[in-house]
Amino acid sequence: MKQADCIIIGGGIAGIQAAIQLGRYKHDIIVIDSAQGRSSIAKAYHNILGWPNGVSGKQLRTLGRQHAEKFGVEFLDDTVTSLEKKQDKFFIQTKNDREYQAKMIFLGTGITDNIPPIKNIYPTLGTSTYICPDCDGYEIMEKQTVVLGGGNAGAGMALTLLYWSKDIIYVNHLKSKIDDVYREKLKENQIPVIEEEVCEVHVDAKQQLKAIQLVSGKIIEAEKAFTAFKGNKLNNDLALQLGVQVNENNHVVIHPRTKETNIKGVWAGGDLVAHSEQVTISMGDGTQAAIWIHKRLLGQPLPYD
């Protein structure tokens, strides 16, 4: 059974940043990554310091992995299926029947977005189709934009996007119920509502969205799109196996200063803990957690010990 000072579960932005910092402390670090995270499909982030022209999640992850490997961090492409604590050690089993033991655990398992399997939508994510208005609302400034969503979630997104563009169309892809208060606000702001499924996203030669096609065959031209579907899944299964506390929204609860959970030796960061779901916040979580993991490994007391 292979052993490590800290095993990081999830090789997204928070996990890689934690790995870089812990590697620089010269600890034995293993990152186990299933390569299914949000950052693996995002084609561009536009609000990160140092990347004024944007950077893809794939590029960030590749560069981050190379950075961590410089300090001896080991990366494994696998999925953790079991995580338990026995006395002061953590035991891991993976999908590929591997077993590991660690003194500390960092959970960076993130969130899985609920995006319907609409043809051609994935190549446009982050470049012309977006999920988060705080990240990418700026990208639709005064542009023709369609919101693909369901019920109140899509209606709320359409209204939020009015800050950046007045040319908004809401396609209620799921044909879910929209409460009267939302319908009235949509009407007041002259946002058309189309109650029909989308069957395809039309893209140009550069894989940029140029229109959406409804199941009826109708084509709606648009420069940009946002998705707004309820049902995003927080990947907190492993945390729950250990008895880690979660809040009413199922986010993992961490100490605001150290990022440690209620289970000693278990730390978490990124989208798993923060509803803001920002790459830069994930980076901060990873670094902050690593600083205190290092102190734990040295046997130093934490503020609440």
Inset, instruction - Along each of the three principal axes of the Cα atoms of region 1-125, give the extent in whole Å, ordering the values from largest to smallest. - result: 46, 33, 19
Inset, instruction - Compute the relative contact order of region 40-184 as a whole-number percentage, counting only Cα pairs closer than 8 Å that sit 6 or more residues apart in sequence. - result: 17 percent
Legend entry - Projected label distance in nm at Ser216 and Lys295, using a 7 Å step from Cα toward the beta-carbon: 6.1 nm
Inset, instruction - At 1.4 Å probe size, with every protein chain present, just tell me what the per residue accessible area of the chain comes to in Å². - result: 48 Å²
Inset, instruction - Calculate, in nm to one decimal, what Asn47 and Tyr163 gain on full extension: separation in residues at 0.36 nm each, minus their alpha carbon distance. - result: 40.0 nm
Inset, instruction - Set Lys and Arg Cβ to +1 and Asp and Glu Cβ to -1, take the dipole of region 60-138 about its Cα centre, and tell me which of Tyr130, Ile111, Thr81 lies farthest positive. - result: Thr81
Inset, instruction - Report, in degrees rounded to the nearest 10, the 0 to 90 angle that the Cα long axis of helix 279-297 makes with the longest principal axis of the chain. - result: 10 degrees
Inset, instruction - State the Kirkwood hydrodynamic radius of region 48-106 in Å, one decimal place, computed from all pairs of distinct Cα atoms. - result: 14.1 Å
Legend entry - Of Lys143/Lys233; Lys58/Lys187; Lys86/Lys230; Lys143/Lys218; Lys43/Lys119; Lys224/Lys259, those spanning more than 28 Å from alpha-carbon to alpha-carbon: Lys143/Lys233; Lys58/Lys187; Lys86/Lys230; Lys224/Lys259
Legend entry - Computed label-point distance, nm, for sites Asn114 and Lys86 using a 7 Å Cα→Cβ extension: 3.9 nm
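Using alpha-carbon pairs under 8 Å, 6+ residues apart, how would you state the relative contact order of region 25-66 in percent? Walk me through the numbers on the way to the answer.
Numbers: 30 pairs, mean separation 13.2, N = 42.
Here the relative contact order equals 31 percent.
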Legend entry - Selected from Lys143, Lys187, Lys86 as most flexible by GNM, with the chain as the system and alpha-carbon contacts under 10 Å: Lys86
Legend entry - More than 18 angstrom apart: percent of Cα pairs within region 194-305: 63 percent
Inset, instruction - For the chain, give the percent of accessible area contributed by carbon and sulfur heavy atoms, probe 1.4 Å, rounded to a whole number. - result: 47 percent
Inset, instruction - Alpha carbons only, please: Rg and Dmax for the chain, in angstrom. - result: 21.2, 65
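On full extension of the chain, what length is gained from Ser40 through His275, given 0.36 nm per residue of separation minus the C-alpha to C-alpha distance?
Numbers: separation 235, 0.36 × 235 = 84.60 nm, distance 1.90 nm.
Length gained, Ser40 through His275: 82.7 nm.
The values are calculated or read from the model by the stated rules, or taken from the named source; none is laboratory data. From a predicted model like this one, the values you see are computed outputs, not experimental measurements. When we count neighbours, we look across all protein chains shown, and the Cβ atoms used for this are built from the backbone with ideal geometry, even at glycine. Accessible surface is based on the protein model in full, side chains and every heavy atom, while ligands, DNA and RNA are left aside. Shrake-Rupley method; radii C 1.70, N 1.55, O 1.52, S 1.80 Å.
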